[in-house]
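Undergrad: For reference, the structure I am asking about is given below.
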Amino acid sequence: MKLYAHPFSSYCQKVLIALYENQIPFELKLLEHSNAEISAEFAAHWPLKRMPVLVDGERTVVESSIIIEYLALYHRGPVTLIPADARQALEVRMLDRFFDNYVMTPMQKIVFDKIRPEDKRDPAGVADAHALLDTAYQWLESNLKPHAWATGSHFSLADCAAAPALFYADWVHPIAETFENVRQYRQRLLARPSFARAVDEARPYRAFFPLGAPDRD
Ligand SMILES: N[C@@H](CCC(=O)N[C@@H](CS)C(=O)NCC(=O)O)C(=O)O
């Protein structure tokens, strides 16, 4: 299998966690501007050019959640990221949507706005993104169970989404000290070997973080 991805990208990390959890072999096709050949292959597979993209033989799989679902179906390992029980799986998918839509999306809005030329920026949209992150942290603080993963005792697709989302969101909109539950959950995610590996592999790129990466994590 080939994964078109970049180690510093949050959605790529989400899928890398799933691959590392089950030690699934794959070839990384590193998406860098300097590599025109890989970029052209990527665009041919997925003209929308959003990474990551998984290519398994003849099959192209896009969208991080769907890639993780695909791995659970076709490359099963000992760690069950999508519960077999449909009711539990629904909880996991709901939290996966929560982290993508209400943590990852506003985090990306703040980051990508900074990359734009100053006269093309969207201050109102960025303010909305900060407000959404506040509300998302608040909701998580009340709904996360202490000492657990997103939906309980099993690490799942929802945690794959949560890890990079909360990792970068805290850089752009720090999680207040009063949100102890959320802060501890983020630390638990950072200590998970699959995510720790993804974070380490992305370390060389920190200088490129548009808002300046903090000197921690
Ligand atoms: N919904 C997509 C989002 C993927 C996405 O936004 N990827 C970002 C990197 S984290 C990207 O490819 N950005 C390139 C761009 O916006 O041109 C998924 O879950 O895979």
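The values are calculated or read from the model by the stated rules, or taken from the named source; none is laboratory data. Bear in mind the structure is a predicted one, so any value in this text is a computation, not a measurement. Cβ placement follows ideal geometry from the backbone for every residue including glycine, while neighbour counts extend to all protein chains displayed. Ligands, DNA and RNA are excluded from the accessible area calculation, which covers all protein heavy atoms including side chains. Shrake-Rupley method; radii C 1.70, N 1.55, O 1.52, S 1.80 Å.
Undergrad: Can you tell me which residue within the range 60-79, out of those that are touching a Phe, Trp or Tyr at 6+ places or on another chain (Cβ under 8 Å) and not aliphatic (A, V, I, L, M), is nearest to the ligand (Cβ to nearest atom)?
TA: Only one residue tops the list, namely 64.
This table checks each residue for (1) over 23 Å from residue 23 (Cα atoms); (2) of a type in the set (A, V, I, L, M, F, W, C); (3) touching an Asp or Glu at 6+ places or on another chain (Cβ under 8 Å).
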| residue | (1), (2), (3) |
| --- | --- |
| 173 | yes, no, yes |
| 179 | yes, yes, yes |
| 183 | yes, no, yes |
| 189 | no, yes, yes |
| 198 | no, yes, no |
| 203 | no, no, no |
| 207 | yes, yes, no |
| 210 | yes, no, no |
| 216 | yes, no, no |
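Undergrad: So if I check each of 136, 165, which one is closer than 24 Å to residue 19 by Cα, at pLDDT 95 or above, out of contact with any Leu (no Cβ under 9 Å at 6 or more places or on another chain) and of a type in the set (A, V, I, L, M, F, W, C)?
TA: 165
Undergrad: I'd like to verify a number: residues in the range 23-34 that are in contact with a Ser or Thr (Cβ under 9 Å, 6 or more places away or on another chain) and either closer than 15 Å to residue 196 by Cβ or more than 9 Å from the ligand (Cβ to nearest atom) (or both), how many?
TA: Going through the range 23-34 one residue at a time, the tally reaches 2.
Undergrad: Taking the residues in the range 166-182 that are over 12 Å from residue 211 (Cα atoms) and not in a helix (DSSP H, G or I) as candidates, determine which candidate is most open to solvent (accessible area, probe 1.4 Å).
TA: Ranking the qualifying residues of the range 166-182, first place goes to 177.
Undergrad: On the basis of being under 15 Å from the mean Cα position of the chain (by Cα) and open to solvent by 10 Å² or more (accessible area, probe 1.4 Å), does residue 196 make the cut?
TA: On the way: under 15 Å from the mean Cα position of the chain (by Cα): yes; open to solvent by 10 Å² or more (accessible area, probe 1.4 Å): yes.
Yes: the conditions hold for residue 196.
Undergrad: Just give me the residues in the range 73-95 being under 18 Å from residue 15 (Cα atoms) and within 19 Å of the chain's Cα centre (by Cα), in sequence order.
TA: Correct list: 79, 80, 81, 82, 89, 92, 93, 94, 95.
Undergrad: Now a separate question. Any chance you could count how many residues in the range 110-126 are in a helix (DSSP H, G or I) and open to solvent by 60 Å² or more (accessible area, probe 1.4 Å)?
TA: Number of matching residues: 8.
Undergrad: Mind telling me which of the residues 92, 111 ends up being touching a Leu at 6+ places or on another chain (Cβ under 7 Å) and within 15 Å of the ligand (Cβ to nearest atom)? It would help to see each step written out before you state the result.
TA: Numbers: 92 fails: within 15 Å of the ligand (Cβ to nearest atom).
On inspection, the qualifying residue turns out to be 111.
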